[in-house]
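Quick notes on the structure that follows.
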Amino acid sequence: VLVSSDTLFCKKAQLADPISGWWHKDMSAACGLEGRVLELIKHENKVVSVRVFSHRPHIFINIDGMDAYCCERCNRTCNIMRYCERCNLCEVCCRTLTFCQDEDYKYFWNPSTLTLLRRYGSSIICDNNTFAETEQHILRLRGELISIKAARENVKTRTEAISKLEMPQKIGRGLSSGSRSALSGMITSGITLPDWQRAHHYLLLAHLWGDSDTAKAKRATLYNAVREGNIDSVARIVRRHNAAKAVDDAKWADAMANSFEYVVDKCTVVNLQAFPNVSAPRTGFTLDPATIFSSKQEMLDRNGNMWLEIAESNKEGPADNIEFPSPQGWVRIRPGGDGSASIVKKNNKNRLRCFRCGEGMISPVSIREQY
């Protein structure tokens, strides 16, 4: 048998069932070695543990002509080219022993960690009866394969007898010359009418990609797949390009937005200023940590500082209450200048958002609550 070389798997298998044996760190040295079965432990007519006697293989090294080497077993001193580094025996003696006698291991293993290689002392793993059953099984499989091939030929003959797909009369509606040429070449690939209709639909979608260099290159790849009749590849190309285009459009829409929703850092209190300038006076309003607000407008000054004007309607308090008016003023995102830490960030409710409109795909949770 061969013990599995995966030490972690052997450890888990040994510890999963106490009746199979045990696990010790020294057993890892026997993982990946071949061994001979000494004993089978059965419980309720089922083998639960196998005692294996395993050896390490020989490691041969060349003998220098100047070295005075003598084999410990046969006392040979000449006509020897190599000897084992572990057991210190010559190559001739090692061939007769098969395994190295220097290190051996006798452990009980879980049957799931062992792989049967052959019978001990022989390369035969099955007896004559088993060989006869195996040969009959192979003959049965060959007969089934012949039947399957005959059924395939029958289906192919009946399929070829069906009339070929006729070209629709209005093939050119909404399609370019390249799309019409691809559809015409697709007829000779032997596709069915539903597949042709799918390809026609995908080419209509590809016609909306525009005339950019990227779109033209994608359409050229699409035309080749259509001519070959590979509808799955055509669908994959269209889906990936449309998804990438939707993501790009969403990024541009996000970049061109005039205002966003922000949240104050949880360890910062923000003092609002009267106008977007470092020397501007304070308005007396402050934003507590974790306050969510919307920006009325955003501005970048000459020194590279980004300023946000607080919108009048604030989510943290009533806007029309005289006793608690909405905060008013401007806030500088990075008070320490360009490269410093920001004290407000965009209020990203969750990472999963719609590619088209940018709205969250999961119901939002307040920042002060926990999932």
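The values are calculated or read from the model by the stated rules, or taken from the named source; none is laboratory data. As the structure is a prediction and not an experimental result, all values here were calculated from the model. FYI the Cβ positions are ideal-geometry reconstructions off the backbone, even for glycines, and counts take in every protein chain you see. For accessibility, only protein heavy atoms count, side chains too; no ligands or nucleic acids. Shrake-Rupley method; radii C 1.70, N 1.55, O 1.52, S 1.80 Å.
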Does G284 fit the bill of being exposed (fewer than 15 other Cβ atoms within 10 Å of the Cβ), without any contact (Cβ under 8 Å) to a residue 60 or more places away in the chain, of a type outside the set (D, E) and farther than 17 Å from V344 by Cα?
yes
With R227, R240 as the choices, which residue is surrounded by fewer than 16 Cβ atoms within 10 Å (Cβ to Cβ) and either in a strand (DSSP E or B) or of a type outside the set (A, V, I, L, M, F, W, C) (or both)?
R240
So which strands (runs of 3 or more DSSP E) are wholly in the stretch 16-76 and hold at least 2 residues that are small (G, A, S), within 27 Å of C94 (Cα to Cα) and open to solvent by 60 Å² or more (accessible area, probe 1.4 Å)?
none
Going by what's in this entry, would F275 be described as surrounded by 12 or more Cβ atoms within 10 Å (Cβ to Cβ) and part of a loop (DSSP other than H, G, I, E, B)?
yes
Taking the stretch 77-86 and keeping residues surrounded by 14 or more Cβ atoms within 10 Å (Cβ to Cβ) and either farther than 28 Å from D26 by Cα or modelled with pLDDT of 75 or more (or both) leaves I80, R82, C84
Any residue in the stretch 32-40 that is farther than 23 Å from R118 by Cα and over 29 Å from the mean Cα position of the chain (by Cα)?
no
